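Peer 1: Here it is, the structure, as structure tokens.
Values in this text are rule-based calculations from the coordinates and carry no lab data. From a predicted model like this one, the values you see are computed outputs, not experimental measurements. Using ideal geometry, Cβ is built from the backbone for each residue, glycine included, and neighbour counts are taken over all protein chains shown.
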Amino acid sequence: MKFVFCGIPVSFSLPSLAFSLILAAGSVGLASAETSTAANTLSESEKRSGWELLFDGNSMAGWRNYNSDEVSDGWKVVEGALVRQSGGAGDLITNEQFDAFELSLQYKISEAGNSGLMFHVVETDGPPWHTGPEVQIQDNVKGHDPQKSGWLYQLFDPQPPRWAKDTTQIDATRPAGEWNELYLRVAPSDCRVCMNGQLYYSFKVGDGRWNDRVAASKFSAFAEFGKAGKGHLCLQDHGDPVAFRNIKVRRLDEDESVSQPIDGQLGLKNTLAFPDLQWDQWEAIDDAGQIRPLRLIELTYAKDDSNRLFAVSQIGAIWTFQNTPDVVESELFLDLRGKVHDWKRPGANEQGLLGLAMHPQYKSNGKFYVYYSHPSESKSILSCFHVSKDDPNRADPNSEQILMQIDQPFQNHNGGSIEFGPDGYLYVGLGDGGYRNDPLQAGQDLSKILGKILRIDVDQASDAKPYGIPLDNPFVNVADAQSEIYAFGLRNPWRIAFDPSTGRLWTGDVGQELWEEIDVIEKGGNYGWSSREGTHPFGNRVVRSEGSDPITPVWEYDHAIGKSVTGGRVYRGQRVPALSGKYLYADYVTGSIWALSYDPQTGKATRNEQVVPDSMPVLAFGQDPSGEVYSLTNSVRGECIYRFDLAE
């Protein structure tokens with residue numbers, strides 16, 4: 001059958017015709033659930049951290065057929081996609097060769113179609129698969145090959161983590177005719193494949209497991225298979241229509257490091273903010289003789305003109321002390337140790353006392369709010385306490401009023417940061433419930449409270465609840481939606497904070513396998529999880545029709561840069577002018593601390609700078625009344641609160 005496709009006459013079988021119609025129907029602009037960036041472009045973070053485009057959407061420069069100097073007429077650039085659309089196209093390889101690298105691409109396969117991505121291909125008398133291992137690409141529904149899309153052909157298939165309770169083999173692919181995003185890392189220390197953001201498997205080329213599997217496969221007949229260590233990337237022509245775009249590569253250095261996504265270095269240093277401070281009734285050795293570091297996750301203040309700060313330890317203690325650099329004494333303001341889940345227990349490092357917010361009218365009403373994990377039940381508690389009537393440095397431990405009890409199906413992704421907004425309402429950050437891959441599908445489900453930012457009125461109790469719902473909450477009148485929801489589509493917001501100058505609400509949302517993100521939260525906003533991670537497609541769930549299009553993150557960075565974002569605060573202090581107006585955030589795993597400049601007109605970051613050259617695992621950031629921002633960490637010496645100073 002003849003078909004004119006974008007002005008090009010092409011011969012197609014009926015399945016090929018259906019595929020071409022899908023491509024012609026607007027495949028260049030991704031569906032909102034898939035990504036929020038233009039095709040064949042690099043994000044600002046990708047540009048800064050070493051990613052390169054291997055296909056610009058306009059030409060086939062940088063590509064040629066295997067064992068040829070040219071590209072055959074069977075490959076065409078059609079509406080921003082590299083399309084294999086007619087017989088005899090032949091396998092396509094990069095001009096360049098790569099040894100250690102990361103690759104990300106999007107593919108769209110035809111119904112029942114088959115293709116592949118090979119790496120470390122060497123040009124010989126035989127076909128590319130004689131030397132280059134192949135990541136399979138096919139329609140997993142109607143495809144005929146038992147090797148599914150994303151599998152390393154005859155060698156590796158998706159495996160759950162060893163700790164996973166659910167051992168069902170995952171298939172994260174989206175149907176034929178939809179774009180899928182494939183990630184491949186090849187490096188001496190670790191190789192891995194992710195499909196639509198979900199980890200399929202890891203392997204090492206040339207180790208014992210690899211060699212055993214090659215020996216048991218058809219590739220054992222080819223002496224050079226997987227041995228080159230460096231070679232071309234290859235897009236396979238398997239006789240079926242297939243389209244590729246967003247083909248990006250990042251070369252890895254010998255030590256497998258990558259460039260920091262920064263525009264400059266501020267050259268500051270971390271300095272202990274209160275070097276002589278002693279923590280009332282805290283010791284680094286517990287009753288069982290075990291070392292227990294002090295682990296601070298919040299530092300805030302009350303608007304009472306007392307010049308006091310309040311520091312929160314995850315174990316369940318809140319201290320107060322004077323905000324002066326030479327302060328020595330602290331007072332144990334509230335002791336919930338034993339009443340909250342112990343974060344040192346197995347798998348509990350995201351549980352404990354996780355949030356503190358002082359009521360805006362604390363000076364007159366003495367109220368404050370805490371968020372903590374129940375010590376024996378799988379739930380989180382949001383409570384109100386009062387200061388003691390007799391001692392301003394002591395809370396009344398018997399004054400607790402429980403506002404919310406939130407069921408938590410897993411130990412991780414409990415969220416927990418709470419903040420009063422400039423509107424006087426209390427905002428609560430909740431994770432999706434935990435585990436992996438959003439098992440409850442909570443992120444996009446407005447009938448579930450998890451994976452959301454909540455907003456409640458703690459000053460106006462309703463008949464049914466000990467708090468009120470602001471009348472302008474975005475989902476008050478939406479059927480089956482939880483009326484507390486202010487924003488949704490979050491995996492694990494760690495942590496939330498208001499800019500004291502603009503009232504803008506920021507959060508860092510911790511990613512799963514590939515991407516960490518920074519978001520500015522808008523009323524009613526959808527931040528994509530779990531159909532999206534950052535700006536990238538995640539999994540293959542159908543987006544719920546009542547949800548709005550996902551909002552693009554202000555900033556994202558990949559897991560070669562860091563693996564657990566710590567959301568921070570906007571610096572409004574006077575001590576360090578270089579930080580003024582910038583959003584400070586960190587990565588807990590790598591210890592990097594950055595300062596992000598933001599343009600509210602475009603909703604995008606304009607500059608990302610390294611704050612300090614040294615690494616420090618930042619758990620959270622605190623802020624004092626002057627706008628000074630502090631980084632918080634854990635320490636067996638109790639040295640947990642740092643400020644930023646000019647380097648000498």
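Peer 1: What list of ³J(HN,Hα) values in whole Hz, one per residue of the stretch 60-69 in order, does the Karplus curve 6.51 cos²θ - 1.76 cosθ + 1.60 (θ = phi - 60°) give from phi, with Gly and Pro shown as x?
Peer 2: Karplus values, whole Hz, x for Gly and Pro: 9, 4, x, 10, 7, 6, 4, 6, 8, 9.
Peer 1: Follow-up question, since we're still on this one. Which of the GluC sites (Glu not before Pro) found in the stretch 291-392 are in a DSSP loop and have at most 14 neighbouring Cβ atoms, other than their own, within 10 Å?
Peer 2: GLU329, GLU377
Peer 1: Could you give the distance between the Cα centres of the stretch 572-648 and the stretch 340-361, to the whole Å?
Peer 2: Each part reduced to its Cα centre gives a spacing of 22 Å.
Peer 1: Under 5 Å between amide H atoms, partner at least 5 residues away or on a different chain: which partners does TYR630 have, H built in plane at 1.01 Å?
Peer 2: GLY622, GLN623
Peer 1: Residues of the stretch 609-648 with amide nitrogen under 13 Å from the 7 Å Cα-to-Cβ point of LEU272?
Peer 2: 635-643
Peer 1: Using a Cα-Cα cut-off of under 22 Å, which lysines could be cross-linked to LYS76, ignoring same-chain neighbours fewer than 8 residues away?
Peer 2: LYS2, LYS108, LYS248
Peer 1: Hey, what did the chain get for relative contact order, percent, Cα under 8 Å, at least 6 apart?
Peer 2: Relative contact order comes out at 12 percent.
Peer 1: Can you list residues whose amide H is under 5 Å from GLN351's amide H, if they're 5+ apart or on another chain and H is modeled 1.01 Å from N?
Peer 2: none
Peer 1: Go ahead and run the numbers for FRET between ASP280 and GLN401, Cβ-Cβ distance against an R0 of 25 Å, rounding to 0.05.
Peer 2: Given R0 = 25 Å and the Cβ-Cβ separation, E is 0.50.
Peer 1: For the cross-link pairs LYS47/LYS218; LYS148/LYS204; LYS303/LYS465; LYS148/LYS344, which exceed 31 Å when the distance is taken from alpha carbon to alpha carbon?
Peer 2: Where the Cα-Cα span goes over 31 Å, the pairs concerned are LYS47/LYS218; LYS148/LYS344.
Peer 1: Under 5 Å between amide hydrogens, which residues at least 5 positions from ILE551 or on another chain qualify, with H placed 1.01 Å from N in the peptide plane?
Peer 2: Counting only residues 5 or more places away or on other chains, the set is ASN526, TYR527, GLY528.
Peer 1: Let me ask another. Compute the acute angle (0 to 90°) between the alpha-carbon long axis of helix 14-24 and the principal axis of greatest extent of the alpha-carbon atoms of the chain; round to the nearest 10°.
Peer 2: Taking the Cα atoms of the chain, the angle to 14-24 is about 50 degrees.
Peer 1: Using +1 on the beta carbon of Lys and Arg, -1 on that of Asp and Glu, and nothing else charged, what's the dipole of the stretch 2-251 about the Cα centre, debye to 20?
Peer 2: 480 debye
Peer 1: Oh, and also: Extent of the chain along each principal axis, from alpha carbon coordinates, in Å, largest to smallest?
Peer 2: 87, 54, 46
Peer 1: Treat every Asp and Glu Cβ in the chain as -1 and every Lys and Arg Cβ as +1, leave all other atoms uncharged, and give the resulting dipole magnitude about the Cα centre to the nearest 20 debye.
Peer 2: 620 debye
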